[in-house]
Amino acid sequence: MWIIKLISQKTQSLSTVSRIKSKNLYELIKSLNKNEKRYFKIATASSQEADDKKMHLLFDAINKQEEFDEEKILEKCTTIKREQLSNIKAYLYQRVLQTMRQYNASKIPEIEIREQIDFAQLLFNRRLFNQGMDCLKSAKKVAQEYDHLELQLEIIKLEKSVLMNTIDHDNMSKVDRIISEVRQINAQINNINSFSNLAIKLNSLYTKTGYIKDEDDFYRVKEFFYTNLPYFKETDLSITEKIYLYRLHIGYNFYIQDFENGFIYSKKLLETFESSDALLKTDTESYIRALNSLLAAQYKLNRYKDFIFTFEKLKEIGQNPQLEINENLRIMLLKYNLIHEINRYFLLGDFENGVKTLLDNPQSEIYSLILLLDKHSTLIFYYKIASLYVGAGMYSQAVKWLNNIINIPNADIREDLHCFARMLNLICHYELGNFDVINYYIRSTYRFLFKKDDLHQFQKYILGFLRTLTRIPSNDELRDKFVKLKAQLIPLTQSRYEKRAFVYFDIISWLESKEQKKPVEEIIKQKSIAWLG
């Protein structure tokens, strides 16, 4: 009996592996653009081998399917036997990758460099040292142009092996030159690793908790940052080192809510990219991220005109024929475009149009995009959409999106968003007149904030205010309560650690709307007009 069970388990395991490989092949083929598919067909068409013909049949069959279906493929491609299919799938997967590499060799410098390194290695194996060195010289020129440090080290490693096998009159000068290059490149790589390791650590902390909460947080993060920051002179750094340094400072300053310095480093990062046409083409992803960082800083600082100028640059990337926009970049551009379009409506206080254009429009891509995003980005979209509905006075819809955050079982990503989603949820239920559930939500929110150690003065004032709402008998007394809460909160807008609350929701404008008996959108629009001039 145990043998039958073991065989069954092994069969199921093999079946699972087969399904994964089939899914991978299907996704790979579907990821190809029209030109890549055409290149694959041309590059593999000349072969008259039976396996290659079957490979072509399988490629065409998968390419036409909306969803991978192995049985339909076997029905249509009668020359492919069931027992052959697994091997043909593996062969096709490998050939697609090979042709993708060939097609993109002239567009991706790393591939071009590695190809020349491979050629050099093959030539050295045949003791064709001069020809191999010519290949290395070509590879090195491109590697230096695009500041690919690791590949430069790989090239130098091969140069050393040649020096060990050849005798030349200027070997000593070549050795000295190589040693000097290795030292310089290793120093640059060490800086980059230090900057990137520190940036990754800070980002992981931010992704878990959000902005710093108090003075203890600030000093702990500051000490960690400067203790791990290596000594350097910015003017001596290479372009790549500067890029990693500026990214690090952006992440650090955003984390501690120093948006002015975050803005300064975001500008420096963008200017670094825009000073090099080669960087724009070869590292378009990092350029897009640089634009996103600057837009985030401009949004936080209410620099609307600068924001619009930078936003136009972001929109133009997808239309630039000189840039290769793959599927990953397309999704990234769509994400940032939609996030900053929402932010634009926030800056203008134009919430109703934001809802109409982005959420009620059947052609909007926002819902399909959310399905493709990571957990962190998804949370941000949930909160942004809920806030857009709140600004438009559509509180029922806001509650639905807030519940997407509140009902997540483990709030281990962006704890700050989970906390403020609950605060905003309370305000929505108040606006909806759901007084019978407000006390329950107050207790639930209090427990959550206490558990997350996020119960600060801002939250205490609002929870205390909401707790008394159901006991206020008259409109005049209610208005006095709003005025009192506003007076309590305004000083917090200047507090280094309490002011983070106002990044998530403009509660001052909401209180003013209650005080003046106007829609919150009207209040925010008036403010926007004032500071936009």
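The values are calculated or read from the model by the stated rules, or taken from the named source; none is laboratory data. These numbers were taken from a predicted model, which means no experiment stands behind them. All Cβ positions, even for glycine, are placed from backbone atoms using ideal geometry, and neighbour counts span all protein chains on display.
Select from region 239-277 the residues that are assigned to a helix (DSSP H, G or I), surrounded by 18 or more Cβ atoms within 10 Å (Cβ to Cβ) and of a type in the set (A, V, I, L, M) and list them in ascending order.
Ile243, Leu245, Leu248, Ile250, Leu269, Leu270
Confirm whether Phe195 is of a type in the set (Phe, Trp, Tyr), touching a helix residue (DSSP H, G or I) at 6+ places or on another chain (Cβ under 8 Å) and within 30 Å of Ile380 (Cβ to Cβ).
On the way: of a type in the set (Phe, Trp, Tyr): yes; touching a helix residue (DSSP H, G or I) at 6+ places or on another chain (Cβ under 8 Å): yes; within 30 Å of Ile380 (Cβ to Cβ): yes.
Spelling it out, Phe195 is indeed of a type in the set (Phe, Trp, Tyr), touching a helix residue (DSSP H, G or I) at 6+ places or on another chain (Cβ under 8 Å) and within 30 Å of Ile380 (Cβ to Cβ).
Inspect region 293-308 for any residue being surrounded by fewer than 19 Cβ atoms within 10 Å (Cβ to Cβ) and under 26 Å from Glu150 (Cβ atoms) and give the result as yes or no.
Within region 293-308, not a single residue is surrounded by fewer than 19 Cβ atoms within 10 Å (Cβ to Cβ) and under 26 Å from Glu150 (Cβ atoms).
Please identify the pairs in which a residue from region 230-250 that is closer than 9 Å to Tyr265 by Cα has its Cβ atom under 6 Å from the Cβ atom of a residue that is at pLDDT 95 or above and of a type in the set (Ser, Thr, Tyr), counting only partners at least 6 apart or on another chain.
Every condition considered, the pairs that remain are Tyr246/Tyr265; His249/Tyr265; Ile250/Tyr265; Ile250/Ser266; Ile250/Ser293.
Here is a yes/no grid of residues against (1) under 24 Å from Leu402 (Cβ atoms); (2) under 35 Å from the mean Cα position of the chain (by Cα); (3) buried (at least 16 other Cβ atoms within 10 Å of the Cβ); (4) modelled with pLDDT of 75 or more:
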position: Arg467; (1), (2), (3), (4): yes, no, no, no
position: Asp476; (1), (2), (3), (4): no, no, no, no
position: Arg479; (1), (2), (3), (4): no, no, no, no
position: Ser495; (1), (2), (3), (4): no, yes, no, yes
position: Glu512; (1), (2), (3), (4): yes, no, yes, yes
position: Ile523; (1), (2), (3), (4): yes, yes, yes, yes
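Ala297 passes all but one of (1) of a type in the set (Gly, Ala, Ser); (2) farther than 29 Å from Ser528 by Cα; (3) without any contact (Cβ under 8 Å) to a residue 60 or more places away in the chain; which number fails?
(2)
Let's see how each residue does on (1) within 16 Å of Lys21 (Cα to Cα); (2) charged (D, E, K, R); (3) in the same structural domain as Tyr26 (by TED's automatic domain parsing); (4) buried (at least 17 other Cβ atoms within 10 Å of the Cβ):
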residue: Ala43; (1), (2), (3), (4): no, no, yes, no
residue: Asp51; (1), (2), (3), (4): no, yes, yes, no
residue: Lys72; (1), (2), (3), (4): no, yes, yes, no
residue: Asn87; (1), (2), (3), (4): yes, no, yes, no
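Can you work out which of the residues in region 112-128 that are of a type in the set (A, V, I, L, M, F, W, C) and buried (at least 16 other Cβ atoms within 10 Å of the Cβ) is nearest to Thr166 (Cα to Cα)? Break it down into steps so the answer makes sense when it comes.
Within region 112-128, the subset of a type in the set (A, V, I, L, M, F, W, C) is 113, 117, 119-120, 122-124, 128.
Then keep just the ones that are buried (at least 16 other Cβ atoms within 10 Å of the Cβ); that gives 113, 117, 119-120, 123-124.
On the way: Ile113: 24, Ile117: 19, Phe119: 19, Ala120: 15, Leu123: 14, Phe124: 11 Å.
Taking the candidates together, the pick is Phe124.
Select from region 105-114 the residues that are of a type outside the set (Ser, Thr, Tyr) and without any contact (Cβ under 8 Å) to a residue 12 or more places away in the chain and list them in ascending order.
Taking region 105-114 as the starting set, the residues that turn out to be of a type outside the set (Ser, Thr, Tyr) are 105, 107-114.
Ala105, Ile111, listed by residue number.
Within region 349-396, can you find the residues that are more than 21 Å from Lys527 (Cα to Cα), part of a loop (DSSP other than H, G, I, E, B) and in contact with an Asp or Glu (Cβ under 6 Å, 6 or more places away or on another chain)?
Within region 349-396, no residue meets the criteria.
Which members of region 347-368 meet the condition of being without any contact (Cβ under 8 Å) to a residue 60 or more places away in the chain and either crowded, with 18+ Cβ neighbours inside 10 Å or within 19 Å of Tyr299 (Cα to Cα) (or both)? I'd like the intermediate steps shown before the answer.
From region 347-368, those without any contact (Cβ under 8 Å) to a residue 60 or more places away in the chain are 353-368; that's our starting set.
Selection gives Asn353, Gly354, Val355, Leu358, Leu359, Ile366.
Looking at Tyr231, Tyr226, Tyr219, Tyr246, which is the one that is within 24 Å of the chain's Cα centre (by Cα) and among the hydroxyl-bearing types (Ser, Thr, Tyr)? Even if it seems obvious, please write down each step before you answer.
Working: Tyr231 fails: within 24 Å of the chain's Cα centre (by Cα); Tyr226 fails: within 24 Å of the chain's Cα centre (by Cα); Tyr219 fails: within 24 Å of the chain's Cα centre (by Cα).
None of the other options fit; the residue is Tyr246.
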